[in-house]
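In what follows, a single structure is set out as structure tokens and then discussed.
Nothing in this text is a laboratory measurement; each read-out follows from the coordinates by a stated rule. Computed from a predicted model, the values in this text were never measured in an experiment. A quick note on method: Cβ atoms are made from the backbone with ideal geometry, for glycine too, and the neighbour counts reach across all protein chains shown.
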Ligand SMILES: O=C(CO)[C@@H](O)[C@H](O)COP(=O)(O)O
């Protein structure tokens, strides 16, 4: 099964509730929420009060990507705000295992991610503890960047490691620079959760979601 996770970083913040209804009705399964602290990444986005406030706009899965230093400090608050999946960076946690355990202790799905420059081997020790691995295909911090094609080698490496460990129920997500042109390539590499921001929210959002889902349906 594959899932589309539109990144609201590219949405119209003035009309966030309406944007969520549009992607929901058009068939996106997840909502990707990028939390940035201006320290781990050079940008500041949105946080706990916004997530709490938009939780009532949709029942879709809140896929929260924490681009913050030491996320363990805030797991409880993000879980209480309505996060369903919480993704943390292997580079930002002093104790990755404790952070993943904390996410699970609040009944959220736990995911691990890594920056483009971080090798796949950095997340291999945590594969049995996660529900999803997010491969960043741009340097985190901003929407609208160009896809880094080498990320697909990392997807393949992680997929192989999951198969070797019999962990084929762990999802592989990709995030950054995904558009209708490179979508088939990322699915072919083994991705089953697709994040897209500008390719969804620029132009006709509902139509963009439908086009993505059409391509994705042939890989289900
Ligand atoms: O986490 C990030 C950026 O740090 C992403 O979720 C972007 O928001 C994806 O945007 P596009 O590259 O699809 O425009």
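Values for this structure:
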{"read-out": "Antiparallel bridges, percent of DSSP beta bridges restricted to the chain (to nearest 5)", "value": "5"}
{"read-out": "For the chain, built as a Gaussian network whose Cα springs stay under 10 Å, the top-fluctuating residue of 50, 135, 96", "value": "50"}
{"read-out": "Fluctuation leader among 23, 54, 86 - the chain, Gaussian network, Cα springs under 10 angstrom", "value": "54"}
{"read-out": "Residue-averaged 222 nm ellipticity for the chain, from DSSP H runs of 4+ at -39500 (n - 2.57), nearest 500", "value": "-9500 deg cm²/dmol"}
{"read-out": "Sorted peptide list for 160-172, 194-206, criterion being average Cβ within 10 angstrom, highest first", "value": "194-206, 160-172"}
{"read-out": "Length-normalised contact order of the chain in % [C-alpha pairs under 8 Å, at least 6 apart]", "value": "22"}
